[in-house]
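Student: Pasting a structure below so you can have a look.
Any read-out appearing in this document is the output of simple, stated calculations on the displayed coordinates, not a laboratory observation. Everything numeric here is computed off the predicted structure, so don't read it as measured data. Note that each Cβ is placed from the backbone with ideal geometry, even for glycine, and that neighbours are counted across all protein chains shown.
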Amino acid sequence: MRELYYSKAVNEALDEELARDPAVVLIGEDIGPYGGAFGVTRELFAKYGPERIWETPISENSFTGLAVGAAMLGVRPVVEIMFMDFIALALDQLLNSAGKLHYMYGGQVKVPMVLRTPGGAKGGYGPSHSQMLSNLLVGIPGLKIVAPSNAAQAKGLLKSAIRDPNPVIVIENKRLYPQKGEVPSDDDFTLPLDRAVVVSPGTDLSLFCYSAMTPVCVAVKNAFLQTGVNLEVVDLVSLQPLDTETLFASLRKTGRAVIVEEACLTGGVGAELSALFAEHCLDSLDAPIVRVAAKDVPIPSSLALEKLVLPQPEDIIAAVKENLAY
């Protein structure tokens, strides 16, 4: 095991897959000599050149469509959308092409492409550069969606996504890029794209979370341990498909659920998970499900106001206390 920054783990995954498979190419804005807006593709252009690192104009719909067509012809494109907020410009290509063509042509074509994008807020980026838009993507048939919460997941999931024959969306998080974590040294290290992870077992209540909310929930668990309350932290990892086997098992074990996400409360992954719990695990619930999420407002540029909009540790603590009071 080595300690790596989350951003370096992504960089290593891209580097290793470019070296392993000549069909892999990177596509996106400023990913060449500049190294990407968050430095994730740094030094790759010097190593692989313009034949493998395709710099594009600011036209997300065009280069995502290019990736879909290239994938159909045997290329394995890895697209970077610089800020997740602008993934809306590529929704037609994802909704009606990438996720559907394999089905529409009866399996005669595949679309083995990856779309990476950093979501979430990073301190004052404002309404159009701070959103976690997982709720825009979940529910689109044909897409796999993962949201790594640590460096090991960032590397292992991305390598699996690049090798997968289907279109995969990898949602990274801007606040996680500078975080360090242990990563296996094995160049062939991969992780499954459809499994949740029980990060920290517990007995009294299950905290379900993903992306940057996972380390926050672990910190909340540690705070509650001092009071004798043992929370179970479950990282969804895969947002589509949801690993219902692991998620249901945790809820049935503890009888209580608090769901935490950085996306807006309405129509989010947490809402879907709440519905699934109500449909399949109602008899196991000892208290109503509680959701903690961003408020349904644009994210302000003001740091003080941004903090009010996004879920904070104290919000999770209050939700846990509310649930345990039943």
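Student: In whole Å, what is the distance between the alpha-carbon centres of segment 141-187 and segment 17-72?
Tutor: The distance from the Cα centre of segment 141-187 to that of segment 17-72 comes to 17 Å.
Student: Can you work out D for segment 197-324 in µm² s⁻¹ from Stokes-Einstein, where Rh is the Kirkwood radius over C-alpha pairs, the temperature is 4 °C and the viscosity is 1.567 mPa s?
Tutor: Approximately 89 µm²/s, per Stokes-Einstein.
Student: Around LEU247, what is the net charge, scoring Lys/Arg as +1 and Asp/Glu as -1 over all other residues with Cβ under 13 Å from its Cβ?
Tutor: -4
Student: Where a Cα-Cα gap under 27 Å defines reach, which lysines qualify for LYS122, not counting those fewer than 8 residues away within the same chain?
Tutor: Here the lysines satisfying the reach criterion relative to LYS122 are LYS8, LYS144, LYS155, LYS159, LYS174, LYS180, LYS221, LYS295, LYS307.
Student: I would also like to ask the following. Please compute the length gained on full extension between ASN230 and ASP188, using 0.36 nm multiplied by the number of residues separating them and subtracting their Cα-Cα distance.
Tutor: Length gained, ASN230 through ASP188: 11.6 nm.
Student: In percent, how large is the relative contact order of the chain, given Cα pairs closer than 8 Å and 6 or more residues apart? If you can, show how the numbers build up before the last one.
Tutor: Working: 716 pairs, mean separation 53.1, N = 326.
It comes to 16 percent, rounded to a whole number.
Student: Considering only DSSP beta bridges where both residues belong to the chain, give the percentage that are antiparallel (nearest 5).
Tutor: In the chain, DSSP labels about 20 percent of beta bridges as antiparallel.
Student: From the Cα gyration tensor of segment 38-91, with a ≥ b ≥ c the square roots of its eigenvalues, which class applies: rounded if a/c is under 1.5, or else prolate if a/b is larger than b/c, or else oblate?
Tutor: Judged from the Cα gyration tensor, segment 38-91 comes out oblate (a/c at least 1.5, b/c at or above a/b).
Student: List the pair-distance distribution P(r) of segment 150-210, using every Cα-Cα distance, as the percent of pairs falling in each 10 Å bin from 0 up to the bin containing the longest distance, rounded to whole percents.
Tutor: 18, 46, 30, 6, 0
Student: Ordered by packing density, taken as the mean number of other Cβ atoms within 10 Å over each peptide's residues, highest first, how do 284-294, 261-271 rank?
Tutor: Highest mean packing first, the order is 261-271, 284-294.
Student: Would you mind computing the Rg to Rh ratio of segment 122-268 from its alpha-carbon coordinates, Kirkwood style for Rh?
Tutor: That ratio equals 0.96.
Student: Assuming a viscosity of 1.002 mPa s and a temperature of 20 °C, what translational diffusion coefficient in µm² per second does Stokes-Einstein assign to the chain, Rh being the Kirkwood radius over Cα pairs? Don't skip to the end; give the middle numbers.
Tutor: Working: Rh = 20.1 Å.
Calculated translational D: 107 µm²/s.
Student: May I pose another question? What list of ³J(HN,Hα) couplings, whole Hz, do you get for segment 152-162 from phi and the Karplus terms 6.51, -1.76, 1.60, once you set θ to phi - 60° and write x for glycine and proline?
Tutor: 4, 5, 4, 7, x, 6, 5, 5, 5, 4, 5
Student: Can you check what the net charge comes to around LEU44, using other residues whose Cβ is under 10 Å from the Cβ of LEU44 (Lys, Arg +1; Asp, Glu -1)?
Tutor: +1
Student: How big is the gap, in Å, between the Cα center of segment 209-259 and the Cα center of segment 290-326?
Tutor: 16
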